[in-house]
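The values are calculated or read from the model by the stated rules, or taken from the named source; none is laboratory data. What you see is a predicted model; the values in this text were computed from it and never measured. Cβ sites come from the backbone with ideal geometry, for glycine too, and all protein chains shown count toward neighbours. In case anyone asks, the SASA skips ligands and DNA or RNA and just uses the protein heavy atoms, side chains included. Shrake-Rupley method; radii C 1.70, N 1.55, O 1.52, S 1.80 Å.
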Amino acid sequence: MRPRDAQFVISAAAASDFPPADLPEIAFVGRSNVGKSSLINALVGHGSLARTSRTPGRTRLVNWFRVVPERGNAVNFVDLPGYGYAAVPEKIRRQWSGLIETYLRTRESLIGLVLIMDSRHPLTPLDLNMIDWFAPSGRPMHVLLTKSDKLSRGAAAATLQEVRRALEPLGPQVTVQLFSSLKKIGVEEVERVIGGWLVPPGAAVEDAAGTPSAAGDAAADAK
């Protein structure tokens with residue numbers, strides 16, 4: 001899925017502010033400061049569409065971005081608040097958690113979840129809670145191990161295998177890959193996986209090289 005156009009739609013502080021669910025939605029979630037906004041910017045080819053900050057815990061709203069691929073129909077990317085930042089007051093953390101839970105439980109247009117983890121600190125208790133909570137929904141989940149450029153090649157490969165082994169019991173609906181927005185590592189792989197979510201099962205979808213392949217193969221390649 002190569003974006004042709006992307007634009008900010010709306011921010012929501014409460015479920016009552018959510019926009020109409022008139023497009024398929026792919027949600028992005030992860031701990032604070034794992035590079036979620038940088039990931040979205042890398043995918044849409046826009047350096048500042050999703051606001052980035054050096055201060056964890058700044059994303060306090062659910063943000064919608066309308067993305068139009070080079071081929072296919074429009075889709076919404078949904079940036080959920082980061083979780084797990086201890087310096088945020090408990091009351092605010094509960095508010096964010098409730099907002100994330102409400103979105104993930106009730107949003108009928110949600111077709112898949114991209115879960116972002118820091119490759120140097122994967123599978124934290126909060127990440128595992130998110131996985132255990134979302135996996136029973138049956139929707140696909142793609143785990144991105146970000147900031148992989150900060151690891152040696154051997155350490156990055158070992159971390160990837162460790163996380164894959166840990167999540168293997170969840171089946172093929174959960175896929176894992178390495179990613180770096182700084183070095184543009186893994187961008188095409190994410191595009192293939194997301195592109196596979198946007199087409200009916202068994203339909204043809206072009207891979208990053210433009211070669212038609214089965215939609216299911218895109219997710220299988222990331223596993």
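Points worth noting:
- If you go through the range 13-38 and pick out every residue that is open to solvent by less than 10 Å² (accessible area, probe 1.4 Å) and touching a helix residue (DSSP H, G or I) at 6+ places or on another chain (Cβ under 8 Å), you end up with 5.
- Pairs are defined by a Cβ separation below 7 Å, a sequence spacing of at least 6 or placement on different chains, a first member in the range 183-194 that is farther than 13 Å from L145 by Cα, and a second member that is among the charged types (D, E, K, R) and in a helix (DSSP H, G or I); the pairs so defined are K183/D149; R192/D221.
- Filtered residue count, the range 1-32, keeping only those that are in a loop (DSSP other than H, G, I, E, B) and in contact (Cβ under 8 Å) with a residue 60 or more places away in the chain: 9
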